[in-house]
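Note sheet for the following structure.
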Amino acid sequence: MDEFNDNQMIGKLLRLKRYEQPPPGYFENFLHEFHRRQRDELLKQPLWRICIDRARDLVFSFNLSTLTSYPAAVTAVLICAGIVSLRIYQTPQPATVAVKDPTVLALPANTEDEWTLASPVATRVFNTRSLRNITESAQTHRKGTPPRYVLDSVPVSYETTFKF
Amino acid sequence: MRRLSSSRSATGFPLVATFASLAAVASLFAQHIPESPAAFSREVKDVFDRCAKAVVKIEATDQHGELSGTGFFIDPTGTLYTAYSVGGEADSVMVEFKGKKYPARQLLADLRSGVAMLKVDLPSPSLPIGSSEQLEIATPVVTIGYPLDLAETPSFGMIAGFDRKCFGGYFPTKHLRVNLPPQRGEGGAPLLNLKGEVVGILLYSFESNSCYALPIEAAEKIRSDYVRFGEPRYGWIGTNVQEATSPVEGSRALTTEVMKDTPAAESGLKSGDIVLQIGRTKVHEPEDILEASFFLTAGDAVPITVMRGNEKITFQIQADLHPASQTRLAAPPPLNRAIPLNLQSAPERTP
């Protein structure tokens, strides 16, 4: 009985609505109006929420399996950059293979004021002291190490006085 | 009249011929410098072809490891010159000659001049000794060396100067500054004129395209001492010199000190004397003393002329052994004897 009454009610309503029509252009503008209302709904959210949603949509638009190596690659690049920058700013160590006696190299220079010094000849003594001992030297000159190609850049001796 | 003219022509011809002969001889002795770039190239190639066979690579070991340098034969018995830094402090010296390596022994190593003399027991070609005194600024020169691990390599340049002072100190004697590009491994290489004669020994690089060479006369002085005494014998007389405020007879070399018990004191030289001449070397500045002093030989008498007041005095002074002679003699030969010749085959003379 109730079901019968419901059907009658629905029929009555359909008859009443039978002459109601949407305004002109309603169906043509339907999709546009739908998007406008959708954007209006989105813009009611706070900006940070919008950004998160956009980012999430972007991430999920890619294949997740290919993205797993990205953090590892970024980490490796950062480590390499750190090492390179350390090497660049590191102070270079002086070469210690060709050893010259610093005391003698600093020797003569100005003889104008010192023509009466005791020693008439300044000499560079090679075999007294080196920065490395022979054992160390032997260890650093293994087979295959190129020899020291000799051409001095300073004389092996100087005259310090006009003594004769 | 006719007889007179024929007589004139007869005497004129020998005169012209004599002048022509003199001119030809003079041209032979004149410094030979080619006139075009192509001629230069041929001359350098010719010098290289003739002299390279007497230039050797020297490999040795010192306390810092292995080293490599250059040397050259100066007589047919295998005697060779090299730099002190190459053969002066090294052990187990090997000379690479004609593709083979031969052990070499050290005859002497002279710290003052910066050269060492080695000996290989085999007949060898040798370079003729020239004279650096004939060199002038811009005289072309050639060197042949073993740069790095490469084969013998010629370098061409010119004399740029004759320096006594550089690197903040005084050389023991005048050095030749040469504008040619030296490379590592060429220490001890010969400096040659375009006749192929040795005029110097390459010792030090100077900036990037210059180097210093010891004049060959300085090395020959040491070799002469070695032949006579078995070691270099630098002489000294025992005085100090400094620059005078005003020149006397063209010299500013003022004697400021005469040391006790030295040849100078015994001969009567006094403080205040102005040194005018030592041997054949005229003295103008105190630096001239170094040049003259280097060539003094202990035991030899040398005339020294000084100005004392208005009086010019010449002393004959027998030089004593230089107290700072620091020469390491590895294999002293018998004194007062020349290096023995022991040739197994006929020597090859180069060029």
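Here, each number is a calculation from the coordinates, and none is a lab measurement. These numbers come from a predicted model, not from an experiment. Positions of Cβ are generated from backbone atoms using ideal geometry, with glycine treated the same way; all protein chains shown enter the neighbour counts.
Among the listed pairs B:Lys53/B:Lys174; B:Lys57/B:Lys195; B:Lys53/B:Lys98; B:Lys57/B:Lys100; B:Lys57/B:Lys174; B:Lys282/B:Lys312, a Cα-Cα separation exceeding 19 Å is found for B:Lys53/B:Lys174; B:Lys57/B:Lys195; B:Lys57/B:Lys174. The distance between label points at A:Phe4 and A:His32 comes to 5.2 nm (points 7 Å beyond Cα on the Cα→Cβ vector).
Legend: mean number of C-beta atoms from other chains within 10 angstrom of residue C-beta atoms, peptide B:103-113, equals 2. Residue exposure proxy: B:Met307, A:Met9, B:Met158, B:Met117, ordered by other Cβ atoms within 10 angstrom of their Cβ from fewest to most, comes out as A:Met9, B:Met158, B:Met307, B:Met117.
Counts of other chain beta carbons within 10 angstrom of each beta carbon in peptide B:142-155 average 1. By the count of other C-beta atoms within 10 Å, a proxy for reagent exposure, A:His35, B:His175, B:His64 are ordered fewest to most as A:His35, B:His64, B:His175. Max-minus-min Cα coordinates of the range B:56-167 on each principal axis give 39, 31, 26 Å, with the largest extent listed first. As a ratio to 2.2 N^0.38 Å, the alpha-carbon radius of gyration computed for the range B:235-324 takes the value 0.96. Residue order for B:Ser271, B:Ser68, B:Ser210, fewest other beta carbons within 10 angstrom first, comes to B:Ser271, B:Ser210, B:Ser68. Less than 15 Å from a label point 7 Å out along the Cα-to-Cβ axis of A:Arg56: which backbone N atoms in the range A:29-44 qualify, by residue? Of the residues in the range A:29-44, A:42 have backbone N under 15 Å from the label point off A:Arg56. Remark: spin-label model distance A:Ala73-B:Glu249 equals 9.1 nm, labels positioned 7 Å along the Cα→Cβ axis.
Please work out the C-alpha center-to-center distance from the range B:160-215 to the range B:240-312 and express it in whole Å. After rounding, the separation between the Cα centres reads 29 Å.
Peptide B:158-165 has a mean shielding of 1, counted as Cβ atoms of other protein chains within 10 Å of each residue's Cβ. Per residue, the convex hull spanned by the alpha carbons of the range A:2-89 comes to 255 Å³.
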